[in-house]
1. I'd like the residue in the stretch 455-489 that is within 26 Å of Leu538 (Cβ to Cβ) and touching a Ser or Thr at 6+ places or on another chain (Cβ under 6 Å) and, out of all such residues, is modelled with the lowest pLDDT.
2. For the stretch 378-407, enumerate the residues that are surrounded by 15 or more Cβ atoms within 10 Å (Cβ to Cβ) and closer than 30 Å to Thr210 by Cβ.
3. Could you list, in sequence order, the residues of the stretch 499-530 that are of a type outside the set (D, E, K, R), over 33 Å from the mean Cα position of the chain (by Cα) and surrounded by fewer than 18 Cβ atoms within 10 Å (Cβ to Cβ)?
4. Considering the stretch 686-722 alone, what residues qualify as being among the small types (Gly, Ala, Ser), in a helix (DSSP H, G or I) and either free of Cβ contacts under 8 Å to residues at least 12 places away in the same chain or within 21 Å of Pro590 (Cβ to Cβ) (or both)?
5. Kindly list the number of the only condition in (1) at pLDDT 85 or above; (2) surrounded by 19 or more Cβ atoms within 10 Å (Cβ to Cβ); (3) farther than 17 Å from Phe636 by Cα that fails for Asp565.
6. Where in the stretch 82-174 are the helices (runs of 4 or more DSSP H), entirely inside, with at least 1 residues that are within 36 Å of the chain's Cα centre (by Cα) and either β-branched (Val, Ile, Thr) or in the same structural domain as Cys285 (by TED's automatic domain parsing) (or both)?
7. Answer yes or no as to whether Ser332 is in contact with a Phe, Trp or Tyr (Cβ under 9 Å, 6 or more places away or on another chain) and among the small types (Gly, Ala, Ser).
8. Out of everything in the stretch 657-676 that is under 49 Å from the mean Cα position of the chain (by Cα) and surrounded by fewer than 18 Cβ atoms within 10 Å (Cβ to Cβ), what residue ends up being modelled with the lowest pLDDT?
Amino acid sequence: MAHPRTNNLAGDFWGGMAAMLVALPAAIAFGVTIFAALGGSYAAYGALAGILGATALGLVASLLGGTNRLITAPCAPAAAVLSAFAIEQIQRGTPAEAILLLLTVLGLSAGLLQLLFGLVGLGRLIKYMPYPVVSGYLSAVGLIIIGSQLPKLLGTPGGTSLWRSLTTPSLWQWQGIVVGAVTALVMVLAPRVTKLVPAAILALLAGVLTYFGISLVDRDLLILAGNTFVVGSLDGGGGSGHGFVDGFLGRWHGMGLLSMAQLGNMIMPALTLAVLLSIDTLKTCVVLDALTRSRHNSNRELIGQGLGNMASSLIGGLPGAGTMGATLVNMSSGAQTKLSGLIEGILALVAFLVLGSLIAWVPVAALAAILTVIGVRMIDRTCLHFLKSRATVLDFAVIAAVVGVALSFSLIAASATGVGLAILLFIREQIGGSVVRHKSYGNQTFSKCVRVKSEMRVLEQRGDAAVIFELQGSLFFGTTAQLYAALEPELAARTYVILDMRRVQSVDVTATHMLEQVKDMLAEHHGFLIFSRLPSQLPSGQDMQQYFDTVGLAQKQAQVRVFGDLDEALEWVEDRIIAEATIQREAEQPLNLHEIDLFNGRKEETMVALEACMEKRQVKTGERIFTSGDTGDELFLIRLGAVRIMLPLNDRQSIHLSTFGRGNFFGEMAFLDGALRSADAIAHNDVELFVLSRKNFDKLAMEHKMVALKLLEGIASVLSARLRYANAQMRTLET
C-alpha cells in the first residue's frame with residue numbers, strides 16, 4: 001500500500017510551487033522595506049534576506065512544526081516591527097553594520113522566545129478560541145486580502161490606496177484588468193471541468209498566456225525593466241552563491257560595536273515580535289483547521305516556528321510566520337501534507353538561483369486574482385443566519401466587531417477584541433442560566449435508609465426542616481448574587497441546608513465568601529450548612545474539597561458538614577430530625593420480637609411460636625451477611641444496628657441501594673421466591689438479627705396458618721409503603 005505522502009506528491013508539489021510564487025515576491029518586498037532604512041546600498045541585503053528567510057522557514061518550520069499545508073515565510077508583522085526598530089536605531093545614530101547584527105539578534109531572540117512558548121505549553125491557549133472569533137477572523141482576512149489585491153487587479157500604481165484605486169478610473173489599466181478577469185474566471189470554473197490539475201495552477205497559467213497574448217497588441221509588455229505588470233527581476237541579491245556568503249558573513253561584522261544597553265533595549269521588541277509572529281501563525285492554523293476540518297498541535301507548531309526563525313536569522317534571513325495568503329494558495333492547489341512547505345522552501349531557493357528570469361514574467365494581476373477568489377471564499381456568509389434569532393444576535397455582533405477592528409486597526413487587535421467580547425458573552429450566559437438545578441425538602445426527598453412507619457411519619461411531618469439544593473454550572477462572581485437569592489429565603493426557616501455540588505463546574509473566592517456568610521447566618525439559629533459530593537477534580541483540574549479546606553469553608557466546624565454522597569447527608573439529617581422527636585432508636589438495647597413494627601398487636605403465644613422458629617445472630621461491622629449470587633431463603637429482622645444493601649457493578653465498584661435500620665427487615669425477596677440473592681448485605685455497624693428461614697416458616701404455617709398469613713400481609717404492607725415512598729421521590733426528581 002502506497003504511503004499517503006507519495007499518493008499526493010503531485011498535489012504537494014503544485015501547492016508548494018504556487019505558494020512559493022505568492023510568498024517569494026512578498027518576502028523580497030518585506031526585506032527591501034526593512035533594509036531601505038539603512039540606505040539604498042542595503043536594498044540587495046534586504047532582497048537576499050527575504051529569500052533566505054523564505055528558504056529557511058520553509059524547510060525548518062515545515063519539517064519541525066508539523067501542521068499540514070501551512071506555509072511559513074517572512075510576513076507583514078515581522079516587517080513592521082523590524083523596520084520600526086531599524087528606523088529607531090538610525091535615529092539614535094547606531095552604525096548600519098551594528099544595526100544589521102541587531103536585526104539578526106532580534107530575530108534570534110524572537111525565535112528563542114517562541115521556542116519557550118511552545119515548551120511551556122502557551123500554545124494550548126489558542127484551543128479556547130471561540131467560533132465567532134474564528135469566523136470573524138476568517139472573514140476579516142478574506143476582506144483584507146480582497147482589499148489589498150483590488151488595486152493590483154485594476155493596475156493602479158504601487159502605493160495607491162484602495163479607495164483612490166476604486167474611485168479614480170483614470171488610474172486603471174485595462175491590461176491588468178483583462179489578465180485578472182481571465183485568471184479569476186478560470187480559478188472559479190476550472191474545478192467544474194477537471195480536478196487533475198489544481199485550479200490555482202490553471203488560473204495562473206491562463207493569466208500568463210493572457211498577458212503574453214495582450215503583448216501582441218501592447219509591445220511594451222515585453223520589456224521587463226520598469227514593468228509594473230509583472231513580478232520583475234529577482235537578482236537583488238546578486239543572483240549567485242556569493243550573495244549568500246556575503247549576506248551571512250556581513251551580519252557579524254558589527255559584533256564589536258554592540259553594547260549591553262543596546263542588547264537590553266531589544267527585550268521588548270523581541271517579545272513583541274515573538275508574540276505577533278506566534279499569534280499570526282496560530283491564527284493561520286486555526287483558519288486552516290476551520291477550512292480543512294483538521295486539528296493542529298499549537299505547542300509543536302510554536303516550537304517549529306521558533307526553530308525556523310532562529311535558523312533563518314543565523315543565515316541572514318528574515319523571521320516570519322505562518323502566512324495566510326500563501327497557505328491558502330497552497331491548500332487550493334492540492335497540497336495535503338507538510339511536504340508542500342518543504343517544497344516551497346526548496347523552490348524559493350531554486351527559483352532565485354535558476355528560474356529568476358521566468359518568475360520575473362508572472363503577472364501581478366494574475367496572483368492578485370487568485371488571492372481575491374480565495375478571499376471571497378474565506379468570508380463566512382453562514383454567520384448571517386445568526387441575525388434570524390435573538391439568541392445568536394450577540395454572537396453575530398462579536399463577528400462584526402472582529403471584522404470591524406481588523407479592517408480599522410489590525411488582525412491582532414481584532415483577535416484580542418473578539419476574545420474579550422466572547423468572554424463577556426460567556427459570563428452573560430453563565431449569569432443568565434440558573435445555578436440551581438433542583439430544589440426539594442426533607443419531607444419530599446428521603447435517604448436510602450429504610451425507616452419504620454413511625455420514623456417515616458416524623459420525617460413527613462418535620463422533614464421540611466431540611467432543604468436540598470442541587471447546584472450546577474459555575475459558581476463565580478457573576479452567579480453569586482443569583483445563588484444567594486435562592487438560598488436567602490430558606491436560611492431563617494430551615495435548620496439544615498444541603499448543597500449537592502456534583503454538577504458544579506467551577507468555584508471562585510467570591511462564591512466561597514458568600515457560602516461562608518450563609519454558614520454564619522445558619523449558625524445564628526444553630527443550623528447546619530451541609531455539602532455533598534464535592535468534586536475531587538473539576539474540569540480546570542481544581543480539587544473542590546482541597547480548595548474549600550484552603551479557604552477554611554470545609555474544615556471541621558460545628559455548623560458545617562461534608563459528605564461524600566447525598567444519601568449520606570440525607571441520612572445524617574434524618575437521624576437528627578428523628579432524634580429531636582425523641583423516638584431515635586435506643587442503641588444500647590436490642591429490640592425484642594414484639595417491639596418490631598411488623599409484629600405490632602400480635603398475641604403473646606403467637607410471638608413465642610414465632611421466636612421459637614427464629615435464630616438469633618450477631619454480625620460485626622463490615623462483615624457480609626450475604627453476597628450477590630448466594631443461595632438462601634432467610635428473612636432477616638434487625639434488632640440492633642444497621643445494614644447496607646449494595647449492588648456490585650464489578651470487582652471495585654458497587655451502588656448503595658438502601659440502608660435498613662433497627663426494627664426493619666431485609667432479604668424478603670429470596671424468602672418469598674427462593675431465587676439467588678441479587679445484592680450484597682453488609683453490616684454498617686455491629687448488628688443483631690432475628691433470622692427466619694423459609695423452611696422454619698413453612699413448618700410454622702402448617703401449625704399456625706393465621707400467624708403465617710399475618711406475617712406475609714405485614715411484609716406485603718411494608719413493601720407497598722416502600723414502593724410508595726420510592727414513587728414519591730421519583731415524582732420529586734421530575735419537578
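1. Phe477
2. Met378, Ile379
3. The initial filter retains those residues of the stretch 499-530 that are of a type outside the set (D, E, K, R), namely 499, 501, 504-507, 509-515, 517-518, 521-523, 525-530.
Okay, now just the ones that are also over 33 Å from the mean Cα position of the chain (by Cα), so 517-518, 521-523, 525-529.
Across the stretch 499-530, the qualifying residues are Gln517, Met521, Ala523, His525, His526.
4. Just the residues of the stretch 686-722 that are among the small types (Gly, Ala, Ser), to begin with: 693, 701, 708, 714, 716-717, 720-721.
Among the residues that remain, those that are also in a helix (DSSP H, G or I) are: 701, 708, 714, 716-717, 720-721.
Result: Ala701, Ala708, Gly714, Ala716, Ser717, Ser720.
5. Every condition holds for Asp565 apart from (2).
6. Details: elements: 96-120, 131-154, 162-167.
In the stretch 82-174, the matching helices (runs of 4 or more DSSP H) lie at 96-120, 131-154.
7. Working: in contact with a Phe, Trp or Tyr (Cβ under 9 Å, 6 or more places away or on another chain): no; among the small types (Gly, Ala, Ser): yes.
Here the answer is no, as Ser332 does not meet what is asked.
8. Leu657
The values are calculated or read from the model by the stated rules, or taken from the named source; none is laboratory data. The model shown is predicted, which means the values in this text are computed figures rather than measured ones. Reconstructed Cβ throughout: ideal geometry from the backbone, glycine too, with neighbour counts over all protein chains shown.
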